[in-house]
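A.B. asks: One structure coming up, written as structure tokens, with questions to follow.
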There are 2 protein chains.
Amino acid sequence: MLLRTIWLSLDPYMRGRMSDGPSYAAPVPIGGVMEGGTVSEVIASNNPAFAKGDIVLSRAGWQTHAVSDGKGLNKIDPKLGSISTAVGVLGMPGMTAYTGLLDIGKPQAGETVVVAAASGAVGSAVGQIAKIKGARAIGIAGGKDKCDYVRNELGFDDCLDHRDPELAAKLKQACPKGIDVYFENVGGAVFEAVFPLLNAFARMPVCGLIAEYNNFGETSPKWAGKMMRAVLTKRLTIRGFIVSDFAARHGDFLRDMSQWVREGKVKHKEFVTEGLDSAPAAFMGLLKGANFGKQLVRVGPDKA
Amino acid sequence: MLLRTIWLSLDPYMRGRMSDGPSYAAPVPIGGVMEGGTVSEVIASNNPAFAKGDIVLSRAGWQTHAVSDGKGLNKIDPKLGSISTAVGVLGMPGMTAYTGLLDIGKPQAGETVVVAAASGAVGSAVGQIAKIKGARAIGIAGGKDKCDYVRNELGFDDCLDHRDPELAAKLKQACPKGIDVYFENVGGAVFEAVFPLLNAFARMPVCGLIAEYNNFGETSPKWAGKMMRAVLTKRLTIRGFIVSDFAARHGDFLRDMSQWVREGKVKHKEFVTEGLDSAPAAFMGLLKGANFGKQLVRVGPDKA
């Protein structure tokens, strides 16, 4: 099969593939094709399961075309909506939010859920799902525009600016009953502000530490001892995960999330840069929060 | 009811009650009776549920006699064995091992379980239950005598001396397939040696940090960032607990543990000091590992 890339998804995990530090996956070798999820069109096929013109979810990576034997491809039905959602709210980022929040975070009605990168692909879904489950959702995002969007469009109870030097104090005010679930996707200063506010039996799903990827350990708190004391005395649960750990939940995710999107209960925003050449700068921007919404690269037109 | 103390249990959690640092329980006030589990005899009763001569499990604390309205008391049947086990292998320490290992650690056959203070009340039960479940059990203890006991009497696969300057290297040798469950009850240098060896999806129940209680945070690793990176990339689960969180499991615990003790599958050792006056020195010794087995204070004779 020959595939033509329409959308390339940019996601923070890619930073790990650009480093030979310890990770759950091997780095991309020098000269290899950078990994990435894509929405692609089948432009030629010797595989009877796929026809020319099919739109598929693929892991074709950062390239305009890819050869595939069909393994791991999933057809996307363009009638169900924007095909780009297959790498966004109805894809890996949405499912990361869904499984991490519901299977590890387990928010109960009336509890307080905090998530950073709250206007992004994962964070936006985390807060909106928390609201659906009856919890309070407090977002953290970079700058006034994103915070306004998170509060006004996504319906979070509040959103704070992580660049605010008063973040810790304001977070405490925004969480008068403490924090029951912290969905950890950034680390760094946000983690430091959140951690003292965790309640007894709080849960902390950990899917990313984007604030630290460029300089692991240097920007993060150096108080493992203090942290472990809190784990003990507050009976915290801290659990790392990646979305594939919950592959068995894919059916539940698609059923619930597509319904919530249809009903307008989960909104999402896309941030598009044009052309494959834009991917490196867009990815560096993603690590700094320059995007506003799910970061996508438009590699080719919907129909060639 | 008037109670006469026969056995006073000394346990590491008591150190937390002697400090006003953050904890899951309030400290004992100055001039208050120090908390502690006891095996006591009822010497007078106006409560129809208890008769003179009954032996009860109580939280009478560090005193020879106590007044009680009967609330929270549990009768102990002396016919079932040594009454001191009610504060040991069949009591709080045994149940801490049972619930933390089985409900959080969830060892699978063939996995490797590591526990420190391995000749003590909790650690000895953790390793023996791990063996019952088909896992490998590696203990860590202080000194040759304790290590020999853990290996030869308790049947752990190996036991290492935490004072050995080569601990990290020897632990790596003893765990050629890495560590799947680390039952954390000590913290400090043992934690530092164990942490890099944790496998993907490893579980870390945290019930204590005895190596750090006298100087919280000073003796513990200062690398929360490195730790969080491992949580993420290895998808670790770190969960603090205290035994009362699993109160609903008490029936299961008593059924299984009493059977294992009867069958000789779980052995236990007691370390007794004589007289209530011995309690302070014995407790300080416990924090340094001067005890060899479950630390008990004989406050009064079995029958007055």
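The values are calculated or read from the model by the stated rules, or taken from the named source; none is laboratory data. Since the model is a prediction, treat every value here as computed from it, not as a measurement. No Cβ is skipped: glycine too gets one built from the backbone with ideal geometry, and neighbour counts run over all protein chains shown.
A.B. asks: Mind checking which residues of the stretch A:1-33 are aromatic (F, W, Y) and at pLDDT 90 or above?
C.D. replies: The initial filter retains those residues of the stretch A:1-33 that are aromatic (F, W, Y), namely A:7, A:13, A:24.
Residues satisfying the conditions are A:W7, A:Y13.
A.B. asks: Same structure, new question: Taking the residues in the stretch B:162-196 that are on the phi > 0 side of the Ramachandran plot and surrounded by fewer than 24 Cβ atoms within 10 Å (Cβ to Cβ) as candidates, determine which candidate is farthest from the other protein chains (Cβ to nearest Cβ).
C.D. replies: Here is the first cut: in the stretch B:162-196, the ones on the phi > 0 side of the Ramachandran plot are B:178, B:187-188.
Still in the list and also surrounded by fewer than 24 Cβ atoms within 10 Å (Cβ to Cβ): B:178, B:188.
On the way: B:G178: 13, B:G188: 9 Å.
In this case the residue turns out to be B:G178.
A.B. asks: Next up: Among the candidates A:G127, A:G36, A:G32, which residue alone is out of contact with any Phe, Trp or Tyr (no Cβ under 6 Å at 6 or more places or on another chain) and either of a type outside the set (S, T, N, Q) or within 23 Å of A:M204 (Cα to Cα) (or both)?
C.D. replies: Details: A:G127 fails: out of contact with any Phe, Trp or Tyr (no Cβ under 6 Å at 6 or more places or on another chain); A:G36 fails: out of contact with any Phe, Trp or Tyr (no Cβ under 6 Å at 6 or more places or on another chain).
Checking each option against the conditions leaves just A:G32.
A.B. asks: Within the stretch A:13-65, restricting attention to residues that are of a type in the set (D, E) and away from chain B (no Cβ under 14 Å), which residue is farthest from B:M228 (Cα to Cα)?
C.D. replies: Looking only at the stretch A:13-65, we keep the residues that are of a type in the set (D, E), and these are A:20, A:35, A:41, A:54.
Now drop any that are not away from chain B (no Cβ under 14 Å), which leaves A:35, A:41, A:54.
Details: A:E35: 24, A:E41: 39, A:D54: 41 Å.
Checking each candidate, the answer is A:D54.
A.B. asks: Could I ask something else about it? Quickly run through the stretch B:122-134 and pick out the residues that are crowded, with 24+ Cβ neighbours inside 10 Å and farther than 17 Å from B:N152 by Cα.
C.D. replies: Residue satisfying the conditions is B:V122 alone.
A.B. asks: How about the stretch A:91-121: which of its residues are surrounded by fewer than 24 Cβ atoms within 10 Å (Cβ to Cβ) and assigned to a loop (DSSP other than H, G, I, E, B)?
C.D. replies: Hits for the stretch A:91-121 are A:K106, A:Q108, A:A109, A:G110, A:E111.
A.B. asks: Something else about it: Looking at this structure, is A:L254 in a helix (DSSP H, G or I) and crowded, with 20+ Cβ neighbours inside 10 Å?
C.D. replies: Values: in a helix (DSSP H, G or I): yes; crowded, with 20+ Cβ neighbours inside 10 Å: no.
Here the answer is no, as A:L254 does not meet what is asked.
A.B. asks: On to the next question. Can you confirm whether the stretch A:110-117 contains a residue that is among the charged types (D, E, K, R) and assigned by TED's automatic domain parsing to the domain that holds A:Y182? Write out each step before concluding.
C.D. replies: Just the residues of the stretch A:110-117 that are among the charged types (D, E, K, R), to begin with: A:111.
Right, trim to assigned by TED's automatic domain parsing to the domain that holds A:Y182 and you get A:111.
Within the stretch A:110-117 (the criterion being among the charged types (D, E, K, R) and assigned by TED's automatic domain parsing to the domain that holds A:Y182), the answer is yes, since at least one residue qualifies.
A.B. asks: To continue, here is another question. For the stretch A:135-161, which residues satisfy the criterion of being of a type in the set (K, R) and either modelled with pLDDT under 95 or buried (at least 22 other Cβ atoms within 10 Å of the Cβ) (or both)?
C.D. replies: Narrowing the stretch A:135-161 to residues of a type in the set (K, R): A:136, A:144, A:146, A:151.
A:R136, A:K146 - these are the residues of the stretch A:135-161 that are of a type in the set (K, R) and either modelled with pLDDT under 95 or buried (at least 22 other Cβ atoms within 10 Å of the Cβ) (or both).
Residue-wise test of (1) over 24 Å from B:E212 (Cβ atoms); (2) in contact with a Gly (Cβ under 9 Å, 6 or more places away or on another chain); (3) among the β-branched types (V, I, T).
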position	(1), (2), (3)
B:V113	no, yes, yes
B:G120	no, yes, no
B:V150	no, yes, yes
B:R163	no, yes, no
B:K170	no, no, no
B:Y182	no, yes, no
B:V190	no, no, yes
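A.B. asks: Just to be sure before I move on: is B:R4 more than 14 Å from chain A (Cβ to nearest Cβ), in contact with an Asp or Glu (Cβ under 6 Å, 6 or more places away or on another chain), at negative phi and surrounded by fewer than 21 Cβ atoms within 10 Å (Cβ to Cβ) in the structure I sent? First the steps, then the outcome.
C.D. replies: Numbers: more than 14 Å from chain A (Cβ to nearest Cβ): yes; in contact with an Asp or Glu (Cβ under 6 Å, 6 or more places away or on another chain): yes; at negative phi: yes; surrounded by fewer than 21 Cβ atoms within 10 Å (Cβ to Cβ): yes.
When the stated conditions are applied, B:R4 passes them.
A.B. asks: Sticking with this one: Might you check whether a residue that is within 14 Å of chain B (Cβ to nearest Cβ) and of a type outside the set (G, A, S) occurs anywhere in the stretch A:291-303? Step through it out loud before you land on a result.
C.D. replies: Narrowing the stretch A:291-303 to residues within 14 Å of chain B (Cβ to nearest Cβ): none.
No, because not a single residue in the stretch A:291-303 is within 14 Å of chain B (Cβ to nearest Cβ) and of a type outside the set (G, A, S).
A.B. asks: So, one more: Output the residues belonging to the stretch B:197-215 that are surrounded by fewer than 22 Cβ atoms within 10 Å (Cβ to Cβ), farther than 19 Å from B:R163 by Cα and more than 10 Å from chain A (Cβ to nearest Cβ).
C.D. replies: Correct list: B:N199 only.
A.B. asks: I'd like the residue in the stretch A:217-246 that is more than 7 Å from chain B (Cβ to nearest Cβ) and under 20 Å from B:R203 (Cα atoms) and, out of all such residues, is modelled with the lowest pLDDT.
C.D. replies: Going residue by residue through the stretch A:217-246, those that are more than 7 Å from chain B (Cβ to nearest Cβ) are A:218-219, A:230, A:243-244, A:246.
Still in the running and under 20 Å from B:R203 (Cα atoms): A:230, A:243-244, A:246.
Values: A:A230: 83, A:V243: 94, A:S244: 93, A:F246: 95.
The residue in question is A:A230.
A.B. asks: I want to confirm something. Restricting to the stretch B:161-192 and keeping residues that are in contact (Cβ under 8 Å) with a residue 40 or more places away in the chain and of a type in the set (A, V, I, L, M), which single residue is farthest from B:M95 (Cα to Cα)?
C.D. replies: Going through the qualifying residues, I end up with B:L171.
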